[in-house]
Every structure is written in structure tokens, then in C-alpha cells.
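Data block below; observations after.
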Amino acid sequence: MLAQSATPANIAEREAVIDIAAADSCLEIQALSLAYAGTPALKELTLRVPRRRVTAFIGPSGCGKSTLLRALNRLHDLNETVSRRGEIRLEGQEIHAPEVAVAELRRRVGMVFQTPNPFPMSIYENVAFGLRLQGDMRKRQRDEVVEWALRSAALWDEVKARLGDSAWSLSGGQQQRLVIARTLAVKPEVLLLDEPASALDPISTLKIEELIRSLKSQLTLVLVTHNMQQAARVSDYTAFLHDGELVEYAPTDALFTNPRLARTENYITGRMA
Amino acid sequence: MRLSRGEGPWPWLAAGSVALSLLLLAALLTLLAGRGLAHFWPAEVVQVELDDGSRFAARPGREERSAEGVERLYHTGNREWLGTPWRWVEVARIVEQQRPAELVVIERRRWGDFIGRVAGLEEDGEALVLEDDAAQWAALNARLARLEALRAARDALRQDEVMPRVRELGAARDAASRARLEGELATANAEILALQAQMARDRVLLESVDGERLALPLEDILAIQRPNDMRLPAKLGAWGTGVWRFLSEGPRAANTAGGVWPAIFGTVLLVLLMSALVAPFGVLAAIYLNEIAHQGRLTRLVRISVRNLAGVPSIVYGVFGLGVFVYGIGGSLDEWFFSDQLPSPTFGTGGLLWASLTLALLTLPVVIVATEEGLARIPDHQREGALALGATRLETLRRVVVPMALPAMLTGMILAVARAAGEVAPLMLVGVAKLAPQVPLDAEFPFLHLERKFMHLGYHIFDVGFHSGDVEAALPLVYATALLLVLVILLLNLTAILLRHHLKARHGALPR
Ligand SMILES: Nc1ncnc2c1ncn2[C@@H]1O[C@H](COP(=O)(O)OP(=O)(O)OP(=O)(O)O)[C@@H](O)[C@H]1O
Ligand SMILES: [Mg+2]
């Protein structure tokens, strides 16, 4: 099954993938621990996310993947029960530092959730939402950004004739791509995707995967997935988490074909057998 | 059919209860509509001769069986001679019944209905010579039309000439313009007096079937008809006019006759004001409880209290309104701003403002609970979606959460309107009036008179039904008013439901 990931095209693509230690990193997580009301969810996690690559987080349910992702754009800030230790650096800057504005951080680190969550407004307004938050922009310019974002999310052709329609009239797969377009419109540096295709049919899933691959020339992507084939198909690096700990982190091909630890191998093969 | 046999009697029981509720509702509406609307039908008048040779003309009503036999109720009118416009007659005593075409029913400004014949017409005290009955009827109608034209001219004069000058006079300071205005007013008043003199010119001579005579100034006639001479279209027309007058005119004769327009207006205005007051408070409170407050024990306690407030009897709110709004706040307002009018109170007595505030308080829990439920239904990832784009909590609330909760808020408003429009008990303490023909909205500054007392359909039903001297006359009005109250509430609710439907249609259904 893993042979699927080793198509000639993929090999050519992966030639750039080298050792993580040598890769140019965008996000650095240093000894990050996080607990919900005293119950630890992440334990002393340290890892570096390479720039302009797709990094996948895999692991059994409840191991802390979503928790980690949400820590990366400080969505935990609103939850008073969460306590955190350790550091997260974006381009060398600690994101919890007092001089970092959380709104600005969240604009730079976009997030797409498991369930599509378009806003109760038109397709156009959904994409323009983040732009409007940033303040005045001439309509011409905004139109251009909206079109660019929808094209980047491979949705433009399907919705260009109905930009004024409610976003809730789109199909699930279209909604998820709309949410990605909405996030892209504010030009983030990092895109966090939490099981973006888990609620979608195979064809929509394929579209999202293509989209992820095409976006990596522009930004750094972090993908949480339960689907091993998906991780193998789209990611360059894969981190295996278990029980809040980072078990193994390696280039995807290496991790899937030649896992160092038995735990990783059990998880991968157990799931894929 | 989705009901299958295997499931036992439960589905049938459930369906049966639904059918029963619908049936009861239909029966209620039919009763109200039947009794209420029949009142305006120009029913025929019979001339009855009894075994003792006496005669009377009347509209027959319901019958009752007693030990002596069957008795029938007749509406005879002519209260000045008979003492009461109603008469019970033993059916067995009736010797003869006729329906002469020339019998008239006249609704008068005083003394209620007259039933009898037109005996002649007088102009300036001189009898007119008319060859036959048809000519007389035509002449009478022509003179009534002339009177109507004169009345319209007089009212226009009052509205367009007198009222503006009176207002200007109140504001005018210098003597020259005062003198000019007073001169103009005197001319206008003289014109009005002249018109009124013309209006008083004609009188109609009336004769009851038992020979009593009466001269009635045409001015005192509110409506006149010859029901035995009317065909179906004419009757339908008269019925429509009757319904319209009921809807558009003020009450007369201690609320036992006339229309209910001030009460309709008062009810609608009260509900609208109540909605305008309760909506912002309720919605903000719900948003605070659900979106902003720390979800601890205190918030839970507040939430439980709010839910329990919904169960407090409405009269308790009335007492609260009387104590706090009317005597407390109203009394202070009077001392500070209207002390020149004391001891007659301005805001220190029940009025539209205090009544709508009391109702707003009464419906606040309903709005809070409904809105909170709507907010709680919005999945967290919707909020996080906005936050993750860099929106603040306020922007998230305003642009994502509130629009998604709007249908729930409107549901809350619908429930509030349904509850408030039917409330009577608290209103009796905080400002409803038995008779307030002046509606609280007019052309006089500040246009909306929040301190005024007002009429209300619910209270009107209570007053007409229980406090009127003439129960037989009041009963149809009670039914008609009750039907109207139901229709007004239905209309108010329908508006809100359509609005909600429109909002939902705009964004499809909530994704679940
Ligand atoms: N808001 C919360 N409050 C308390 N505990 C939480 C909260 N969110 C997650 N947890 C706990 O933290 C742990 C990690 O949860 P997390 O959602 O990160 O798992 P996950 O790896 O994303 O799982 P899945 O694959 O099922 O989405 C779990 O044990 C979970 O019960
Ligand atoms: Mg998760």
C-alpha cells in the first residue's frame, strides 16, 4: 500500500526532503507541556516544523493532536482551565511574548477545522471576512484578493457565478475549500489543518489533498489526519504522537517504510492491515 | 400512513390528542366568530301582536324553555318608553307576526336603538309634505347625505383652520400676531357655528308600533336601516359597514355600543413598545450569560433564577410595576420635571410607558431563555473559525454569533408577544383605562404620549363583559372583541414568524 506514495512524481517531489535537523524551520516547539484542568494532554513536546513543507501529525484518538494544533495559534487562550509550559516560536519569535498581538498571530497562523464552519453570510463575504477585519481596502483590490483566494482553494470555477449566495448553500466539500480560501485570503504564513477531510467524500478529499500539495509552494502546512494513506500521500514529514508525547518524527517516507520504533510500526501497520 | 399496527395504541393516542387540540381550537374560533360577527348582521324586524292586543316591533333572539313554556327574547329598543330594550315573551301568547317593509331601526347617539316607523320630516320646525312612503325614505336619505357633507366640512375646518391656529397662539409672543391669530380664530369659529346651525335644521318624526311619537334631530342618527326591505347585497353591505365601524370607531354608551378602535390601537402600541423595550435587554442579558460571563456557579444560579422568573404570576409583576415604576420612578419624575402640575400626576400614575415596561419585565425571562438556547446551539467551531482569522471576541459576536442566533431571538420575541398581548391582570395596576378615546399617538408634540392612559382589548373584554349595565347588549361585543384580540395576536405573531422565516431563508438552515 505504501507503494502508492512512491510514484515517480512523488519521488521527484521528495528529493528536496532531507534531514529534519538540516531543514529550514518555520515553527519551533520547545518542551511544550499542556494540561486541561490539571490533566496533562501534551508532555514535554519538542519539534521543528520545516518551512514550505507539509508536516503531518498522526496518532491515536485523544493523543493530543488537536490540542497541539490549537496551541500553535493560541486558541487555548480563551479556556481558563488550560495551563501551559514551554515555548512556541514562529520565525524565531516567541508567540506568547507580551508584544505579540494575538489577532496578528492568528492571521499569520491560519486554522481549518474538522467540520466546515462557513459564516452566516454570502460566499464573497466569507472570504472577505478576514480582509474586512484588517480595515479599509478598496473594493477593486478586495475583489482581486477574494478571487485569488478562491482560485488558490480550487473553488473559483464552481462559485464565480454565485458569489452572493449564502455560504451554507454549498456542499460539504465546497464549504471546506471555502474555509481554506477564507484563511488564505489573509495571506497566512502557516496553515493548520485539523482533519480537514474527515467529513468529506473521496472525491472532495482528493481535491483537498491536491490543494494541500499545491499550497506548499507558498506556505508551511501542518496536517492532522487519521488516514495513514493521506499522510503518506501528501506530507513531507510525519510526527507520530502517542499519549501527549512525541514518539517519532521523520521524513514521511522514512517513517512509513522504516519506522525506528516498534510503537510506531504497530500503529502504522495496525491501522493499515 | 406511517402508523403501523404492531406499535399498539400509542401512535393513535398521540394522533388523537393532536386532533382533539385542533378541534377545540377550531371550536373556540368558530364560537367567537359566529357569536361576534352575527351581531353586525342586519337581522329582520318583526311586528308582534300578543293575545292581550298589545303590539311591539323587535328583533327576535334566543329562546329558553321554562315551566310555563317557551320564552323568546326580543330586542325592542325604544328604551325611553319601555325602560329596557329587552323583553322576554311567552311564545304561546303571540297571536300574529308580520314583517312590514317600512319598519326602521335607528342607531341613535342617545337612548340606544329606535325600532318603529318614520312618520314625517321637519325642516326648521315645519312639516314637509311628501306624497308616499318611498318619497319620504328618499328624502330622509338625501337629507342625511347633506348632513354628512356638512359634518365633513366642519371637521375639516376644525382640523385645518382651528387646530393649527390654536397651536400657533400657544407659541406666539408678540401682541400683533396674537391679535391676528385671535381674529382668524374668531372667523373660523363663526363658520363652524354657522355650519352647525345648518346641521340642526332637519328633524325626523318617528312613531313606534304602539303609537308613541318622537321627533329626532337628524344629527343624532348614527345609522338607519330598513332591514325588512333589504336584499342580500344590501345586507352584506350593511354588515361590512357595521364591522368597519366596530373596528374604526370609539366606544359609546359606557362601552356597550360603538367600536373598539382605541383598544386595538392601545393593544398593538403596547405590544410594540414592549417588544422594543424587551428585545435589547433580553438579548444583551442572554449574550452576557452565554458568551461573556465566566461559566461558574454564580452564572448557573442566575440562569436558574431567570428560568424561574418566567413562572411568577403576572399580577405580581403588576404590583412590582405599580410600586417601582408608577409610585417610585414616576413619582420622582413628577417632582423633578412636572412639579408645576402637581398634585395632578403626570408620570406618577399608570400609563403607557409603565405598562409596557411592566410587560417587558414580564416577558424578559422568555426572551433570555430562547436567545440563550439559540446561542448554545451554535457550535464552538463557528466562533473559533472567526477567532482563528484574527477577529476579536466582540467582532466574532457581532458578525458570526448574533446573526446565527437571530432566528432564536425572534422565536423569543414571538413567545414574548404571545404572552404579553394576552395579559390583562398587571395592566389593571399600571395604566389601562376603561375609556380613553384619545389614542396615545397623535399629531401633537411629542406625538407619542407615553404618560397617557390607554385602552386594551383584553381589559375591554373584561370591562364590557362584567361591568356593563346591559349584559344582553354586551355579550356579542365580548365575543367580537375576543375574536379581534385573537386575530391581533395572530397578526403580530405572524409578522414575527415571517421575519424569522425570511432570515432563515437567507442563509439556509444552520449546519449541524
Ligand atoms: N476542552 C477540553 N477540556 C478538557 N480536556 C480536553 C479538552 N479538549 C481535549 N481534552 C483532552 O485532551 C486530550 C487530547 O485531546 P485532543 O482533542 O487533542 O485529541 P486528538 O488527538 O485531537 O484526538 P482526535 O483524533 O480524536 O481528534 C484528550 O484526552 C481529551 O480528552
Ligand atoms: Mg482532534
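Can you name the residue in the stretch B:337-365 that is open to solvent by 30 Å² or more (accessible area, probe 1.4 Å) and touching a helix residue (DSSP H, G or I) at 6+ places or on another chain (Cβ under 7 Å) and is also modelled with the lowest pLDDT among such residues?
Checking each candidate, the answer is B:Leu342.
State all residues of the stretch A:231-262 that are open to solvent by less than 10 Å² (accessible area, probe 1.4 Å) and either within 19 Å of A:Ile180 (Cα to Cα) or within 16 Å of ligand 2 (Cβ to nearest atom) (or both); if no residue qualifies, say none.
Those that are open to solvent by less than 10 Å² (accessible area, probe 1.4 Å) and either within 19 Å of A:Ile180 (Cα to Cα) or within 16 Å of ligand 2 (Cβ to nearest atom) (or both): A:Ala231, A:Val234, A:Ser235, A:Ala239, A:Phe240, A:Leu241, A:Gly244.
Just the residues that are out of contact with any Asp or Glu (no Cβ under 9 Å at 6 or more places or on another chain) and open to solvent by 40 Å² or more (accessible area, probe 1.4 Å), please, taken from the stretch B:44-76.
B:Glu44, B:Asp51, B:Asp52, B:Gly53, B:Arg62, B:Ala67
Might you check whether a residue that is farther than 30 Å from B:Arg377 by Cβ, open to solvent by less than 30 Å² (accessible area, probe 1.4 Å) and within 26 Å of the chain's Cα centre (by Cα) occurs anywhere in the stretch B:201-216?
Scanning the stretch B:201-216 turns up no residue that is farther than 30 Å from B:Arg377 by Cβ, open to solvent by less than 30 Å² (accessible area, probe 1.4 Å) and within 26 Å of the chain's Cα centre (by Cα).
Could you check how many residues of the stretch A:183-200 are away from ligand 2 (no atom under 16 Å from the Cβ) and within 12 Å of chain B (Cβ to nearest Cβ)?
Final tally of qualifying residues: 8.
Any residue in the stretch A:130-153 that's within 14 Å of chain B (Cβ to nearest Cβ): show its pairings with residues that are charged (D, E, K, R) and part of a helix (DSSP H, G or I) at Cβ separation under 7 Å, as long as the two are six or more apart or on different chains.
A:Gly130/A:Arg107; A:Gly130/A:Arg182; A:Leu131/A:Arg142; A:Leu133/B:Glu395
Can you go through B:Arg307, B:Arg297, B:Arg303 and tell me which one is of a type outside the set (Phe, Trp, Tyr) and in contact with a Leu (Cβ under 7 Å, 6 or more places away or on another chain)?
Residue meeting the stated conditions: B:Arg303.
Is it fair to say B:Gln196 is closer than 30 Å to B:Gly53 by Cβ and open to solvent by 40 Å² or more (accessible area, probe 1.4 Å)?
Spelling it out, it is not the case that B:Gln196 is closer than 30 Å to B:Gly53 by Cβ and open to solvent by 40 Å² or more (accessible area, probe 1.4 Å).
Applying the selection to the stretch A:218-229, what residues are at pLDDT 90 or above and either surrounded by fewer than 22 Cβ atoms within 10 Å (Cβ to Cβ) or within 16 Å of ligand 2 (Cβ to nearest atom) (or both)?
Within the stretch A:218-229, A:Leu219, A:Val222, A:Leu223, A:Val224, A:Thr225 meet the criteria.
Going residue by residue through the stretch B:406-423, is there one that turns out to be of a type in the set (Asp, Glu), over 30 Å from A:Asn79 (Cα atoms) and surrounded by fewer than 18 Cβ atoms within 10 Å (Cβ to Cβ)?
For the stretch B:406-423, residues of a type in the set (Asp, Glu), over 30 Å from A:Asn79 (Cα atoms) and surrounded by fewer than 18 Cβ atoms within 10 Å (Cβ to Cβ): absent.
Can you confirm whether A:Arg106 is crowded, with 21+ Cβ neighbours inside 10 Å, touching a Phe, Trp or Tyr at 6+ places or on another chain (Cβ under 7 Å) and within 14 Å of another protein chain (Cβ to nearest Cβ)?
For A:Arg106, the condition - crowded, with 21+ Cβ neighbours inside 10 Å, touching a Phe, Trp or Tyr at 6+ places or on another chain (Cβ under 7 Å) and within 14 Å of another protein chain (Cβ to nearest Cβ) - is not met.
Quick check on my filter: what residues within the stretch A:117-155 are among the polar types (S, T, N, Q) and open to solvent by 10 Å² or more (accessible area, probe 1.4 Å)?
A:Ser122, A:Gln134, A:Gln141, A:Ser152
Every residue in the stretch B:425-438 that is under 21 Å from B:Gly330 (Cβ atoms) and surrounded by fewer than 24 Cβ atoms within 10 Å (Cβ to Cβ), please.
B:Ala425, B:Met428, B:Leu429, B:Ala433, B:Lys434, B:Ala436, B:Gln438
For the stretch B:447-462, name all the residues that are within 17 Å of B:Phe325 (Cα to Cα) and either open to solvent by less than 40 Å² (accessible area, probe 1.4 Å) or at pLDDT 85 or above (or both).
The answer is B:His449, B:Phe454.
Considering only residues that are of a type in the set (Gly, Ala, Ser) and modelled with pLDDT under 85, which ones fall in the stretch B:70-91?
B:Gly83
Output the residues belonging to the stretch B:478-512 that are modelled with pLDDT under 85 and surrounded by 19 or more Cβ atoms within 10 Å (Cβ to Cβ).
Within the stretch B:478-512, B:Leu492, B:Ala496, B:His507 meet the criteria.
Restrict the check to the stretch A:62-73 and report whether at least one residue is within 16 Å of ligand 1 (Cβ to nearest atom), within 19 Å of A:Leu219 (Cβ to Cβ) and open to solvent by 10 Å² or more (accessible area, probe 1.4 Å).
yes
Just one of A:Glu195, A:Glu158 is in contact (Cβ under 8 Å) with a residue 60 or more places away in the chain and surrounded by fewer than 22 Cβ atoms within 10 Å (Cβ to Cβ); which is it?
None of the others qualify; the one that does is A:Glu195.
Taking strands (runs of 3 or more DSSP E) that do not extend beyond the stretch A:194-257, which have at least 1 residues that are more than 17 Å from the chain's Cα centre (by Cα) and within 18 Å of A:Gly59 (Cβ to Cβ)?
It comes to A:237-242, A:245-251.
Would you confirm whether or not the stretch B:388-395 contains a residue that is buried (at least 19 other Cβ atoms within 10 Å of the Cβ), away from chain A (no Cβ under 14 Å) and at pLDDT 85 or above?
no
Tell me the residue from A:Val112, A:Val100 that is surrounded by 17 or more Cβ atoms within 10 Å (Cβ to Cβ) and within 14 Å of chain B (Cβ to nearest Cβ), please.
Just one listed residue meets the conditions, A:Val112.
Look at the stretch A:115-124 and say how many of its residues are polar (S, T, N, Q) and facing chain B (nearest Cβ under 7 Å).
2
The values are calculated or read from the model by the stated rules, or taken from the named source; none is laboratory data. Since the model is a prediction, treat every value here as computed from it, not as a measurement. Using ideal geometry, Cβ is built from the backbone for each residue, glycine included, and neighbour counts are taken over all protein chains shown. Accessible surface areas use protein heavy atoms only, side chains included; no ligands, DNA or RNA. Shrake-Rupley method; radii C 1.70, N 1.55, O 1.52, S 1.80 Å.
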